[in-house]
Structures are given as C-alpha cells and as structure tokens.
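The values are calculated or read from the model by the stated rules, or taken from the named source; none is laboratory data. In this text, all values refer to a predicted model and were calculated from it rather than measured experimentally. Reconstructed Cβ throughout: ideal geometry from the backbone, glycine too, with neighbour counts over all protein chains shown.
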Amino acid sequence: MNTSVMLVVVSYAIGAVPVAWLVGRMRGGVDLRELGSGNVGASNVWQSVSKALVVPVGFAQIAQGLAGIELAKLAGASIGVQVLCGLAAIAAHDWNPWLRFKGGRGIGPAIGFMLALAPRDALPAFIVVAVASVPFGQIPLGVGAGLVVAPVAAYAGGQPGAVVAGCVAMTLLVLAKRLFANGPPDHGLPGVWRNRLLFDRDIRDRDAWVRRGLDRGHTTNF
C-alpha cells in the first residue's frame, strides 16, 4: 500500500470513530439513531444526552476532519491527497461503517476540513453565513447556505483548484447526507425532500422532530 492510499485509509478510520454515538451509550445508555433527530452528531447529543457534552463532542468531530489532513501535510503529501483525506473523514462520519452506514451530518468534520485547507476564506464565509441564521432560529438553513458559499469563497480567495474542488465535494457530501439522512423519507409527508434539504428534518415542526422518543422515559442530562 503506497503512502497516499495509506493516508486516505487512516483518515477514513479516524472519521469512522462514532464519537457522538459512544457518548450516548456511555453517558445515557442510548442509541442516538433511535432518539430525537436520529442524527449521530453533536446536535443530537445536545438534544438527547447532555448539553454539557456538546462542546467536547463538537471539537472531537472537528478534529476528525482535521487530523488526516494534518498527517498528510506532515508526510509531505500533495494537496490533492490532503483533500482526499479530509473527504474520506467526512464520508466515514456521514455513513459510518460501524453503525451500519448510518451517522452524522458531517458538519464537524467539514469544519475541520476547511480549518486545515481554507482557514482564511471558506471557513470564515461559512461561519458568517451560519451564525447570521441564529437570531432567526433557522440554523440548519444557515449551515446549508454557508456550505454552499464556502467553495465560492475558496475560489475568490485564490485557493488551488484541488481545494476549491474539495470544498465543492465537501458541500455535496453534507447535502447528500441531509437528503438521504439515516433512512428513507415518509413520502406521505408534504414537502419531505425540501424539508430535508433546507431544514435537515422531515417535517417543518422542529421541536416535534428533535424531541422524538425523548418522552418515553429518557430525559436530557445537563
């Protein structure tokens, strides 16, 4: 196995560590796939397990997207290999091989990807657009818009073509996971595909979506 392939495989293995799922099992004895949004990520840890743990989980997932790229840099790998390492971590997080190819949305690893490869353009653009949505209570919409803006910012910032293409692929991976989620949609729900793409849920009622299963004897720890 040559060095480039090994780096991508290692990055995939790092991204495949189901941090949020492990926290759910160890802290609350729950399977995040069966609670709240069903997302195996920091947002569902916040809703379903512990608000106090969302920060360390979030940072761990960012580190998962960052680690493989930094290893590739240390190994002197090309920018193209660095990009593939970051994308491998995002894909492993989104479709986790240890969780029957269910997983999170890839936001944490995507932030790590941008932090490693486009910290002066794509990442600030993503953060500004995402944060701007907070006062309106439309964070998933803002995060999605930020992901769309990120490749444009990378291009405008003069990033190499491989990084710009990587940002495009990053955005497509995360949006694809929104659409396919962790299971097929209920086609009886009105606008389910639109809701998944824009709001990262099958229905417009956010509270009803994130609280699914949480009233059956499980409470969130603080």
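Structure values in brief
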{"item": "Matching option when the condition is small (Gly, Ala, Ser) and within 20 Å of Gly15 (Cα to Cα), among Ala116, Ala122, Ala162, Ala132", "result": "Ala116"}
{"item": "Filter result for Val10 (more than 18 Å from the chain's Cα centre (by Cα) and either in contact (Cβ under 8 Å) with a residue 12 or more places away in the chain or closer than 16 Å to Cys167 by Cβ (or both))", "result": "yes"}
{"item": "Any chance Ala77 is small (Gly, Ala, Ser), within 20 Å of Leu7 (Cα to Cα) and modelled with pLDDT of 95 or more", "result": "yes"}
{"item": "Meets criteria (under 26 Å from Val143 (Cα atoms), surrounded by fewer than 17 Cβ atoms within 10 Å (Cβ to Cβ) and in contact (Cβ under 8 Å) with a residue 24 or more places away in the chain) for Ala52", "result": "yes"}
{"item": "Which listed residue is free of Cβ contacts under 8 Å to residues at least 24 places away in the same chain, under 22 Å from Leu22 (Cα atoms) and hydrophobic (A, V, I, L, M, F, W, C), from Phe136, Phe101, Phe180", "result": "Phe101"}
{"item": "Failed condition for Asp215, given (1) loosely packed, with under 14 Cβ neighbours inside 10 Å; (2) modelled with pLDDT of 95 or more", "result": "(2)"}
{"item": "Candidates Arg201, Arg211, Arg178 - the one that is within 21 Å of Gln64 (Cβ to Cβ), out of contact with any His (no Cβ under 9 Å at 6 or more places or on another chain) and among the basic types (Lys, Arg)", "result": "Arg178"}
{"item": "Residue match in the range 193-203 (condition: of a type in the set (Val, Ile, Thr) and either modelled with pLDDT under 75 or more than 26 Å from Lys51 (Cα to Cα) (or both))", "result": "no"}
{"item": "Residues satisfying the stated conditions in the range 24-46, i.e. in contact with a strand residue (DSSP E or B) (Cβ under 9 Å, 6 or more places away or on another chain) and among the hydroxyl-bearing types (Ser, Thr, Tyr)", "result": "none"}
{"item": "Residues located in the range 172-196, provided they are surrounded by fewer than 16 Cβ atoms within 10 Å (Cβ to Cβ) and part of a helix (DSSP H, G or I)", "result": "Leu172, Ala176, Leu179, Phe180, Trp193, Arg194"}
{"item": "Answer from Ala169, Ala153 - the residue that is of a type outside the set (Phe, Trp, Tyr), over 18 Å from Gly41 (Cβ atoms), within 14 Å of the chain's Cα centre (by Cα) and in a helix (DSSP H, G or I)", "result": "Ala169"}
{"item": "Positions within the range 135-150 being in a helix (DSSP H, G or I) and over 18 Å from the mean Cα position of the chain (by Cα), in sequence order", "result": "Pro135, Phe136"}
{"item": "In the range 78-104, the residues that are surrounded by 24 or more Cβ atoms within 10 Å (Cβ to Cβ) and either touching a Lys or Arg at 6+ places or on another chain (Cβ under 7 Å) or of a type in the set (Phe, Trp, Tyr) (or both)", "result": "Gln82, Asp94"}
